[in-house]
1. Out of the DSSP beta bridges found with both residues in the chain, what percent are antiparallel (nearest 5)?
2. Which value in nm describes the separation of the simple spin-label points at residue 109 and residue 449, placed 7 Å from the Cα toward the beta carbon?
3. Can you list the GluC sites (Glu not before Pro) in the range 104-152 that are in a DSSP coil and have 16 or fewer other beta carbons within 10 angstrom?
4. Within 10 Å of each residue's Cβ, count the other Cβ atoms and sort 486, 309 from fewest upward.
5. Of the listed peptides 264-270, 418-424, what is their order by residue-averaged count of other C-beta atoms within 10 Å, with the highest listed first?
6. For 599, 281, what's the fewest-to-most ordering of other Cβ within 10 Å of each Cβ?
7. Please state the charge dipole magnitude for the range 516-607, taken about the Cα centre, from unit charges on C-beta atoms (+1 on K and R, -1 on D and E), reported in debye and rounded to the nearest 20.
8. Please list, in chain and number order, the residues 5+ apart from residue 131 or on another chain whose amide H is under 5 Å from its amide H, with Hs placed from the backbone.
Amino acid sequence: MKKGKLIGFAAMVAAAAAVIAFSGSFHTRLNKSEKEKNVQEAVAEVEPEKEKQADIVIIGAGGAGMTAAVEAVQKGATNLVVLEKMPITGGNTVRATGGLNAAETPYQAAEGIEDSIELFVEDTMKGGKNLNDPELVQVMAEQSGEAVAWVNEIGGDLSVVGQFGGASVKRIHRPSDTSAVGPMLVKALNAKLKELEVPVFLETEAVHILLDEKGAVQGVQAVTKGGEPYTISCKAVILATGGFGANSEMVVRYKKELDGFFTTNHLGATGDGIAMMEELKAGFADMDQIQTHPTVNPDTTTMYTEGVRGNGAILVNQTGHRFVNELETRDIVSEAILNQEGGTCFIVFDQSVRESLSAIESYIEKGIITQGNTPEELAEAIGVDKDQLKKTLEQYAVFQSEGIDAEFGRESMEVPMNKPPYYAGLCAPAVHHTMGGVKIDTDSQVLKEDGSKIPGLFAAGEVVGGVHGANRLGGNAVTDIVVFGRLAGSRAYDYVMEDGGFTEATMNLAQEEEAVEPEVKGNYKDGTYTGTGKGNNGDITVEVLVESGSVTAVNLTDHAETPGIYEAAEKAVIASVIKTQTVSVDGVSGATRTSDGIKEAIAAALEKAK
Ligand code: ADP
């Protein structure tokens, strides 16, 4: 994983230094208006030494942005850059655990699953309470099969079909090793972008999209980690900044009932794209439609993927009773959980479910699953009435064998859930997906309030509203980002071709800091892990990325260390950890406690990756 930042602009930096009092990255928590003021002052006072130029600027390196970049380059785009405000790519996409919903695929055919575009549209509209934009849903369903093929073509793996909530048939396509879809997809996209030599500028935050006097896109204003503001002039922009689930202020602004809810989202899901679109008077759809995921562990905010229920698990309340059809849509299941005592419940499953899904191993490693050799033993361990839990499981086995859930009408009951040992995890709903967002047409082209187009502006992914209506079905987020990411990349390419064509790339990663590569191979499980350590001024939290067994990036997500001291520690300690794949590395003199805190946080994260 490369760690890049733009350097240069000497004159601009010198002049800007006086007015910029922030790091520009998420490390320093300035509120939006302070940040905005700084950027505007800086931009007003500083004439960039040299303006940057690209034909397409993609904002956001999550699933949608990276897909758009790959598609545009595959079509022939030559001068395209991706801006990502976080130190790593992947956004919320890397957290996606389920899979990609697609209809009429060869994988379904091979299993004799009868599905159709119409049925996919019907399920999605029903799940979204018909609030969805039917034209966007139609596009998503029609292009879903191609999306699966495309992901596999770029080196991904979606070949196993499973059942998910709200789908009438088995439709969710997942990796063959039953692992989570997000890390697989992000890894494949990262590798493809590297192969295609697409420059991805990390820790570079887009702040404004600039329009010319005719209202067409002409550039992007961005800020680097070092606080350097600059402008990239361009012909087209693809907005792929994701949702706003991690911006509690924005969440509450649109849905006040969610005040105090925790979230499953990554720190960068702050709705920057929404703010940029408000400036341009873009149209919005369904902003108040915010989805909670029903089964999230409240202590760690880890989400138990819907696949656990899809593969057989049930939900029981504190008295040991089932209380809902576990495969109902997320809004219904969330609501049902909130109506139980304490607003929580337990997800309960047996050994056969555990064996069916490798994601479960990560929950066990995180210590958020309790085990018992018998239903009674499990009940006792989680403080639930043991006779009742035993009865609930026995009754469920009868329903399963008869194929009829007489209590809640659950249709898919994969296993009788009677193979010991038994497992349970505490769960409650948390803010998960923001369905609302900017309006687009079926070409991924952004629309204004009056329905007219903003020429040169395209959007894809969670920043877009209208695809999922009032409730997103599990597996439809990944379909959304791949289908509309490709569409945005393709249409932005067409737009540039009509506008004089592509130019030679002038922005590249040659200015990037040398990437740190592991010198030895690590022995960790792939994924993103969080850990906390004690620094000089308080807790330091890191996100550690493990790819192909080795630590490839460490991202300091939160700390209160002294600026200047932490940067030195960050740079040296993280580079040594990546090189040696251990935390037994030297600290930085003058920043010993910060170094120790970073090491402790990385060690805590890697504990989970063993
Ligand atoms: P999607 O699923 O729609 O692709 P993700 O959450 O996976 O959404 O990715 C969105 C990405 O956009 C994240 O990596 C996030 O950090 C990035 N991002 C958000 N706001 C900005 C911004 N202002 N500038 C650059 N990148 C941004």
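No lab work stands behind these numbers, since they all come straight from the coordinates. Computed from a prediction, not measured in an experiment: that's the story for all the values here. Heads up, the Cβs are rebuilt from the backbone with ideal geometry, glycines too, and the neighbour counts pull from every protein chain shown.
1. On the way: 57 of 74 bridges.
Roughly 75 percent of the beta bridges in the chain run antiparallel, per DSSP.
2. About 4.9 nm, to one decimal.
3. On the way: sites: 104, 111, 114, 118, 122, 135, 142, 146; in loops: 104, 111, 114.
Filter output for the range 104-152: 111, 114.
4. Values: 486 24, 309 28.
Ordered from fewest to most neighbouring Cβ atoms within 10 Å, 486, 309 come out as 486, 309.
5. Values: 264-270: 22.9, 418-424: 19.0.
Packing order, densest peptide first, comes out as 264-270, 418-424.
6. Values: 599 24, 281 11.
Least to most surrounded, the residues fall as 281, 599.
7. On the way: 7 positive and 14 negative charges, 35 e Å.
So the magnitude is around 160 debye.
8. So residue 131 has HN proximity to 470.
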